[in-house]
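See below for the structure under consideration.
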C-alpha cells in the first residue's frame with residue numbers, strides 16, 4: 001500500500017489541476033460512455049468530482065473508486081472538447097495510479113505488466129508455444145474478418161470474435177533489420193508494437209514493404225517491449241516504466257532520423273507519455289525519451305508529410321473504403337487527413353465517409369477486457385455507422401481499433417473487411 005503522507009501530497013497536486021473544471025458539461029455530449037449508460041458518474045465531469053473527493057472515497061471504499069475510475073475509455077474526447085483546457089487524461093491516469101498504489105495491484109496484472117511484457121523473449125516464447133495450440137480452443141467463424149471464437153473460454157473472453165495469433169511473430173519471420181538509408185536519404189526505427197508483432201503481422205509487413213519501396217532505411221532490432229500504455233491505463237505506472245526502460249535501452253543502440261509506429265496508441269505513448277514518466281529513471285533516460293519523442297511519428301503522417309507521397313494519376317476505384325479516426329491518432333496527435341490521403345494512394349479504392357468517423361469504437365485497451373458489455377455496446381454504434389456508409393472495407397490506423405471493429409462486424413454478420421490504411425496502399429506496390 002502507498003504511504004498515506006505521499007498519497008496526501010499527490011492528492012493535493014491533483015486538486016490544483018481539477019479546480020479549472022467549470023462543470024460546463026461539454027464533455028457529456030462527446031463521451032461514448034455516457035452515450036452508452038446515460039449516467040452522470042461516467043462523464044468526465046462526474047469522475048473529476050470523484051477525484052476531487054478521492055481521499056475520503058478511497059478510505060470509504062477503495063475498490064468502488066477503482067471500478068468507477070476504470071469505467072473510462074481514455075479516448076480523450078472530453079479533453080479535446082474542454083473549453084477550460086483541463087488535462088483530463090493526465091488526471092485520470094494519475095488518479096488510477098494512486099488508487100492502485102493504495103489498494104495494491106492484482107497479482108495477475110503484476111505478472112503480466114511487470115514480468116511478461118517487460119521480457120520480449122519470454123513473451124515471444126509464450127507465443128511460440130501457444131500459437132500451435134489455438135486449434136484446440138478456437139474455431140473459425142467463417143467470416144470475412146477472419147475471426148474465431150472459443151466457447152470453452154467464455155468466462156474469460158466473453159463472446160468475443162477475435163483473430164488467432166499469427167503462426168509466426170513479425171520478428172520470427174522478418175528477423176532483425178538494420179538497413180542503410182536508400183534514395184530517400186532517411187532511416188527510421190520501426191516500432192511494430194505488441195499487436196503488430198504478434199497478431200497483425202500482415203499489417204506490420206505491409207509497413208516494411210512500403211518503407212523499402214520508398215528507399216527508407218529501417219532499424220528494427222529484437223528486444224522491444226510493450227510501449228506500456230496497457231499497464232499505465234490500469235494504474236501500474238511502475239510496470240509501464242519497466243517496459244519503457246527495456247525499449248529505451250534498445251533504441252539507444254541504433255541511429256535513425258525518425259521513430260515510426262503503425263499503432264496510434266504506441267505513437268502517442270512514446271511521443272507524449274515516455275518523456276513524462278522517464279523522469280523517474282534519471283536524467284540520461286529522460287533526455288533519451290525526449291529525443292525519441294521529437295522523432296516519433298505515425299507512419300501515415302510520415303508518408304504524406306515527410307516523403308510527400310502523392311497518388312499516381314486520378315483514382316478510378318470502384319471498391320469503397322470508409323475510415324475510422326482512432327482516438328489517439330486524431331485527438332492526441334492531430335493526424336486525420338493523412339490516413340485518408342494514404343487510402344487514395346491506391347487507385348483501386350475510393351474513400352467514403354461514415355457518420356461520426358471520430359467517435360470512439362469502444363475498445364479502450366484494457367477497458368475492453370474488464371467492461372466488455374459496455375465496450376460491445378459502444379462498438380455497436382460504430383458498427384452501425386460503418387454499415388451506413390455502404391463501404392466494403394473499413395480502414396483504421398490502430399490495431400486495437402481494428403480488433404474491436406472485427407469483433408462487432410463479425411458479431412453482426414456484416415461482410416465488411418477491416419484493414420490498416422498502410423495495407424491498402426501496400427497492395428498497389
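The values are calculated or read from the model by the stated rules, or taken from the named source; none is laboratory data. Predicted model, so just to flag it, every value in this text is computed and none were measured. All Cβ positions, glycine included, derive from the backbone under ideal geometry; neighbour counts span all protein chains shown.
Can you pull out every residue in the range 269-279 that is under 11 Å from residue 228 (Cα atoms) and in contact (Cβ under 8 Å) with a residue 60 or more places away in the chain? Quick ask: steps written out before the conclusion?
To start, the set of residues in the range 269-279 that are under 11 Å from residue 228 (Cα atoms) comprises 269-270, 273-274, 277.
Listed by number, the list holds a single entry, 270.
May I ask you to verify whether residue 152 is without any contact (Cβ under 8 Å) to a residue 24 or more places away in the chain and assigned to a helix (DSSP H, G or I)? Spell out how you get there, then give the answer.
Numbers: without any contact (Cβ under 8 Å) to a residue 24 or more places away in the chain: yes; assigned to a helix (DSSP H, G or I): yes.
So residue 152 fits the description; yes.
Out of all the residues in the range 54-64, is one or more in contact (Cβ under 8 Å) with a residue 40 or more places away in the chain and within 25 Å of the chain's Cα centre (by Cα)?
Within the range 54-64, the first condition is being in contact (Cβ under 8 Å) with a residue 40 or more places away in the chain, and the residues that meet it are 54-55, 58, 62-63.
From what's left, within 25 Å of the chain's Cα centre (by Cα): none.
Within the range 54-64, none of the residues are in contact (Cβ under 8 Å) with a residue 40 or more places away in the chain and within 25 Å of the chain's Cα centre (by Cα).
With outside any helix (DSSP H, G or I) and either surrounded by fewer than 22 Cβ atoms within 10 Å (Cβ to Cβ) or not assigned by TED's automatic domain parsing to the domain that holds residue 366 (or both) as the only criterion, which of 132, 83 stands out? Give the steps one after another, and end with the answer.
Numbers: 132 fails: outside any helix (DSSP H, G or I).
None of the other options fit; the residue is 83.
Hey, among 33, 93, 39, which residue is without any contact (Cβ under 8 Å) to a residue 24 or more places away in the chain and under 29 Å from residue 356 (Cα atoms)? Write out each step before concluding.
Working: 33 fails: without any contact (Cβ under 8 Å) to a residue 24 or more places away in the chain; 93 fails: without any contact (Cβ under 8 Å) to a residue 24 or more places away in the chain.
Selected residue: 39, the only one of 33, 93, 39 that is without any contact (Cβ under 8 Å) to a residue 24 or more places away in the chain and under 29 Å from residue 356 (Cα atoms).
Confirm whether residue 73 is within 24 Å of residue 362 (Cα to Cα), part of a helix (DSSP H, G or I) and touching a residue at least 12 places away in the same chain (Cβ under 8 Å).
Details: within 24 Å of residue 362 (Cα to Cα): yes; part of a helix (DSSP H, G or I): no; touching a residue at least 12 places away in the same chain (Cβ under 8 Å): yes.
Judged against the criteria, residue 73 is not a match.
Restricting to the range 368-380, give me the number of residues that are in a helix (DSSP H, G or I) and crowded, with 19+ Cβ neighbours inside 10 Å. Give the steps one after another, and end with the answer.
Taking the range 368-380 as the starting set, the residues that turn out to be in a helix (DSSP H, G or I) are 368-370, 372-380.
If we keep only those that are crowded, with 19+ Cβ neighbours inside 10 Å too, we end up with 368, 374-376, 378-379.
Total satisfying the criteria: 6.
Determine whether residue 254 is closer than 30 Å to residue 131 by Cβ, in the same structural domain as residue 184 (by TED's automatic domain parsing), part of a loop (DSSP other than H, G, I, E, B) and in contact with a strand residue (DSSP E or B) (Cβ under 8 Å, 6 or more places away or on another chain).
Numbers: closer than 30 Å to residue 131 by Cβ: yes; in the same structural domain as residue 184 (by TED's automatic domain parsing): yes; part of a loop (DSSP other than H, G, I, E, B): yes; in contact with a strand residue (DSSP E or B) (Cβ under 8 Å, 6 or more places away or on another chain): yes.
So residue 254 fits the description; yes.
Among the residues of the range 17-37, write down those that are assigned to a helix (DSSP H, G or I) and either in contact with a strand residue (DSSP E or B) (Cβ under 8 Å, 6 or more places away or on another chain) or over 21 Å from residue 362 (Cα atoms) (or both). Step through it out loud before you land on a result.
Initial filter on the range 17-37 (assigned to a helix (DSSP H, G or I)): 17-18, 26-30, 32-37.
Passing the criteria: 17, 18.
What are the residues in the range 300-348 that are touching a strand residue (DSSP E or B) at 6+ places or on another chain (Cβ under 7 Å), closer than 21 Å to residue 404 by Cα and either assigned by TED's automatic domain parsing to the domain that holds residue 203 or in a strand (DSSP E or B) (or both), if any?
Result: 320, 321, 322, 323.
Can you go through 288, 260 and tell me which one is touching a helix residue (DSSP H, G or I) at 6+ places or on another chain (Cβ under 6 Å), in contact (Cβ under 8 Å) with a residue 40 or more places away in the chain and farther than 28 Å from residue 420 by Cβ? Let's see the steps before the verdict.
Working: 260 fails: farther than 28 Å from residue 420 by Cβ.
Result of the check over 288, 260: 288.
Taking the range 202-226 as the region of interest, how many residues are part of a helix (DSSP H, G or I) and modelled with pLDDT under 95?
Kept after step one, since they are part of a helix (DSSP H, G or I), are these residues of the range 202-226: 202-213.
Next cut, modelled with pLDDT under 95 only: none.
Residues flagged as part of a helix (DSSP H, G or I) and modelled with pLDDT under 95 within the range 202-226 amount to 0.
From 165, 157, 170, 199, which residue is surrounded by 17 or more Cβ atoms within 10 Å (Cβ to Cβ), free of Cβ contacts under 8 Å to residues at least 12 places away in the same chain and in contact with a helix residue (DSSP H, G or I) (Cβ under 9 Å, 6 or more places away or on another chain)? Working first, answer last.
Details: 165 fails: free of Cβ contacts under 8 Å to residues at least 12 places away in the same chain; 170 fails: free of Cβ contacts under 8 Å to residues at least 12 places away in the same chain; 199 fails: free of Cβ contacts under 8 Å to residues at least 12 places away in the same chain.
Within the list 165, 157, 170, 199, the selection yields 157.
Within the range 292-310, can you find the residues that are at negative phi and surrounded by fewer than 14 Cβ atoms within 10 Å (Cβ to Cβ)?
Residues of the range 292-310 that are at negative phi, as a first pass: 292-307, 309-310.
Passing the criteria: 294, 310.
Of the residues in the range 388-425, how many are assigned to a helix (DSSP H, G or I) and in contact (Cβ under 8 Å) with a residue 60 or more places away in the chain? Give the steps one after another, and end with the answer.
Initially, the range 388-425 is screened for residues assigned to a helix (DSSP H, G or I), giving 388, 399-411, 421-425.
This time we only want the ones that are in contact (Cβ under 8 Å) with a residue 60 or more places away in the chain, so: 399-403, 405-407, 409-411, 421-425.
The total comes to 16.
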